[in-house]
Each structure stands twice: as structure tokens, then as C-alpha cells.
1. Which of the residues that make up region 182-237 are surrounded by fewer than 16 Cβ atoms within 10 Å (Cβ to Cβ), farther than 27 Å from Ser300 by Cα and among the charged types (D, E, K, R)?
2. How about region 306-389: which helices (runs of 4 or more DSSP H) wholly inside it have at least 3 residues that are assigned by TED's automatic domain parsing to the domain that holds Ala288, more than 19 Å from Glu126 (Cα to Cα) and of a type in the set (D, E, K, R)?
3. If you take the residues of region 174-192 that are modelled with pLDDT of 95 or more and over 20 Å from Leu282 (Cβ atoms), which of them is nearest to the chain's Cα centre (by Cα)?
4. Inside region 306-321, can you point out the residues that are within 17 Å of Cys270 (Cβ to Cβ) and either over 20 Å from the mean Cα position of the chain (by Cα) or not aliphatic (A, V, I, L, M) (or both)?
5. Across region 231-270, what is the total count of residues that are among the charged types (D, E, K, R), over 17 Å from Ala203 (Cβ atoms) and in a helix (DSSP H, G or I)?
6. Within region 193-230, restricting attention to residues that are among the basic types (Lys, Arg) and in a helix (DSSP H, G or I), which residue is nearest to the chain's Cα centre (by Cα)?
7. Please pick out the residue among Ser324, Ser269, Ser273, Ser245 that is more than 17 Å from the chain's Cα centre (by Cα) and closer than 13 Å to Ile178 by Cβ.
8. Report yes if Tyr157 is farther than 30 Å from Asn376 by Cβ and of a type in the set (Phe, Trp, Tyr), otherwise no.
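The values are calculated or read from the model by the stated rules, or taken from the named source; none is laboratory data. Given the structure is predicted, the values throughout are model-derived calculations rather than measurements. Positions of Cβ are backbone-derived with ideal geometry, glycine not excepted, and every protein chain shown enters the neighbour counts.
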Amino acid sequence: MIKKKVLLKGPILTVSGYGEHCRQVFKALLKRPNIDLYIIPTNWGNTSWVLNQEYNCGIVKDILAYAKKPTSNVNFDESFQVLLPDEWKNLAKKNIGITAGFEADIVKSSWIDEANKMSKIIVPSEFTKAAFVKTSKKTGKKLYTKIKVINEAYFGYIDNHEDFKTDVLHKLKYNKNIYVISQVTSNDSRSDRKNIIKTIKCALDFVEDKDIGVVLKINYGKHTKSDLKSIKLLLEDEFGIDKLSKITMLFGSASIKDLVKIYKSSKISCILSGTRAEGFGLPILEAAACGLPVIATNYSAYKEFMHDDFVKIDYDLIDFDHDSRFVDLDSTPKWAEFKGESMMKCLEDFFENEEKYRKVANYRKNFIKQNYSIENIIDNYKKFFKSDL
């Protein structure tokens with residue numbers, strides 16, 4: 001039997017959400033019989049590349065075995081391109097564009113044109129799909145290409161390591177801590193998609209007179225010394241050195257093992273997110289898969305897998321100054337601006353009723369493990385390979 005020549009293109013070796021998404025597509029393609037797989041790794045913004053070949057159970061070593069640059073005479077049967085729509089190209093007989101879109105309720109109108117050049121489109125959430133559909137209706141541009149929702153998965157390491165002999169955060173001063181994890185996407189807090197500065201401010205205001213700390217894992221996209229210096233200067237400028245004494249900052253490229261240890265640490269009480277929107281929300285999925293209670297803005301894609309089992313922060317849906325790379329300048333995209341007083345009330349409610357929310361989180365953990373494991377997601381891709389291609 002002649003093997004199909006299949007190309008996977010995307011930021012598969014980067015420490016990014018798109019990088020992890022691309023790695024999950026790679027795992028699904030490895031389970032597909034009778035294909036000759038090629039990989040073209042790309043950059044993702046200014047994010048670092050994974051250099052450790054043992055990262056995530058040795059997946060980098062596997063990727064490098066397929067990362068062969070195709071010669072000009074290779075005619076691909078299929079391409080899977082985990083990129084933004086304006087980066088999709090006609091690379092094969094059938095081209096599948098895979099994207100999480102943008103955090104707004106609409107996308108750039110030209111993305112509809114790019115979508116129509118694809119054979120199929122895969123997105124990780126109904127939220128992302130709805131943004132394409134809404135843009136199509138607003139602009140009058142017909143969306144011809146079928147959009148398929150295939151979710152993302154949490155790290156399989158979570159299932160294989162329920163207990164750890166040593167709590168990686170056992171030396172923390174406080175026995176209860178709020179965990180905040182994010183990348184700073186803009187120095188202008190009004191444009192930062194994760195709304196991290198406002199989130200940290202609310203967390204610090206809440207813990208100021210309490211025996212509770214804040215554990216912060218934050219970066220600018222890279223895990224370099226200059227990145228760390230910039231992060232420290234940003235935090236000192238925003239909050240002052242004295243207020244930062246309540247924060248324990250974790251910095252650097254953590255292994256999957258270390259991330260899971262943080263989520264499962266007895267010293268971490270909850271994960272807090274004031275994000276303005278998420279195309280999927282992988283850190284929230286990972287935290288929930290570990291049974292960690294979630295406090296987050298009551299908006300966007302993660303509601304599709306969290307349902308009502310998280311502490312919901314109220315928000316206003318607002319217009320915002322946007323980047324023309326993602327949304328047309330003359331359009332009025334919206335995203336969620338969480339209410340500071342609501343976040344404070346949610347934190348108060350959580351710590352007053354922590355046992356109740358831990359039970360809720362344990363129930364949600366079981367649901368997520370039944371539906372969002374890598375095996376589940378690979379099965380969804382297998383169905384796509386059989387019925388949609």
C-alpha cells in the first residue's frame with residue numbers, strides 16, 4: 001500500500017500554547033497507519049524553544065526524528081498547519097488549518113478568506129468557532145469551509161503520578177497560597193490578553209492582612225535572565241518592593257513533572273485567572289485535572305469543560321484597543337474585563353468555603369479525566385481522519 005505523504009507545520013518545539021497544541025496533533029498523527037510524516041517546526045512569537053530531548057516523556061526526541069525538511073519534489077497528500085489563519089498555505093492536495101483564533105468575539109475579516117482556502121479547519125472550542133461564524137455574518141463573507149471542534153488534552157503525566165513523596169513547595173512561608181500563572185502579552189495592561197497586572201493587584205489586596213500568600217509563575221515568552229530582570233522591574237514598578245513580599249515567584253522553563261507537582265502541592269489552594277478570554281485555556285484544564293479549585297472570569301472557552309464547577313468572577317464585555325494582526329482596525333471586537341470587586345468576593349467566598357470547593361474540584365477532576373485525556377483527544381482525531389478527510 002502506498003503511504004500518504006503528510007506534513008505537520010507549526011511551532012511544535014516552542015514553549016507555548018500553540019506548541020502544546022501542535023504536539024498533541026503530532027501524537028494523533030503518530031497513531032495513524034500508512035502515512036509518511038514530515039514536520040516543519042516554526043517560531044511562535046518570542047517564545048523559547050524546547051531543547052531538552054526528554055521533555056514531556058521524550059516527545060522532543062520523537063519530533064526531531066520526523067523534522068525533516070521536504071525536498072522540492074515532495075507532493076504532499078495532506079498538510080496540518082497549526083498556525084494563525086494568515087499563515088496557512090496551499091501545501092498539499094488537502095490542507096487542514098488548525099487554530100485557536102484570537103481572544104475576541106470576532107476575528108480579522110481576511111481570516112474568513114484564508115479559511116475558505118483550506119479543505120477543513122480544526123479549532124479547540126466552540127468559543128473560537130463562534131468568533132469565525134460571527135465575523136462571517138458581520139462582514140457578509142460566506143464561510144464555506146467546515147469548522148470542526150476538537151478539544152485539547154491535559155498532560156498524561158497527571159494520570160500516572162497521583163502522589164509525590166516530596167512537596168515541591170514545602171518550604172513556602174504560607175500554608176495557603178493563590179496560584180497565578182501567565183505570560184505577559186503586552187506591557188500595556190489594557191492590551192494584555194491575560195490581564196495579569198490587574199489580577200495580581202486583586203490577589204495582593206486580598207492577602208494583604210491574611211495568612212495567605214501568592215505563588216506567581218510568569219514570563220514574557222522566554223525564560224532568560226533578561227526576561228527575569230524585566231519581569232522583576234515590571235512588578236516593582238507596579239506594586240513596590242514591600243507589597244511583593246507576599247509573592248513567591250517561580251521562573252524558568254518547568255518540566256511537566258514540576259508543573260504537575262505545583263498543581264498538586266498541598267500549599268496551593270486554588271488557581272486564579274482574570275483572563276480576558278481564552279481560545280481553550282490549557283492551564284485551567286491542567287489544574288482542574290489535578291483537582292485544583294479554579295477561580296476565573298466567567299467567560300470564554302474553558303466554560304465548555306468547567307461547566308459550573310468553578311468560582312465565577314463577574315465581568316463586563318467591553319470594546320478594546322486591538323491589534324490589526326488579529327482584528328480589523330475599523331471593527332469593534334469585545335472581550336471580558338473582570339470586575340475587581342467580584343474577584344475579591346470570589347476569593348473571600350472560596351477561602352470561607354474551601355472544603356466545599358475542593359469537593360466540587362474533585363468531581364470536576366473525574367469528569368475531565370473521562371473526557372480530556374490524550375487518549376480521548378487522539379480518538380477524536382482518529383474519527384476526523386476517517387470521516388472528514
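1. Glu208, Asp209, Lys210, Asp211, Lys225, Lys229, Lys232, Glu236, Asp237
2. Qualifying helices (runs of 4 or more DSSP H): 340-352, 354-371.
3. That would be Asn177.
4. Applying the first criterion (within 17 Å of Cys270 (Cβ to Cβ)) to region 306-321 yields 306, 308-313.
Of everything in region 306-321, those that are within 17 Å of Cys270 (Cβ to Cβ) and either over 20 Å from the mean Cα position of the chain (by Cα) or not aliphatic (A, V, I, L, M) (or both) turn out to be Asp308, Asp309, Phe310, Lys312.
5. Going through region 231-270 one residue at a time, the tally reaches 5.
6. The extreme case among them is Lys198.
7. Ser269
8. Here the answer is no, as Tyr157 does not meet what is asked.
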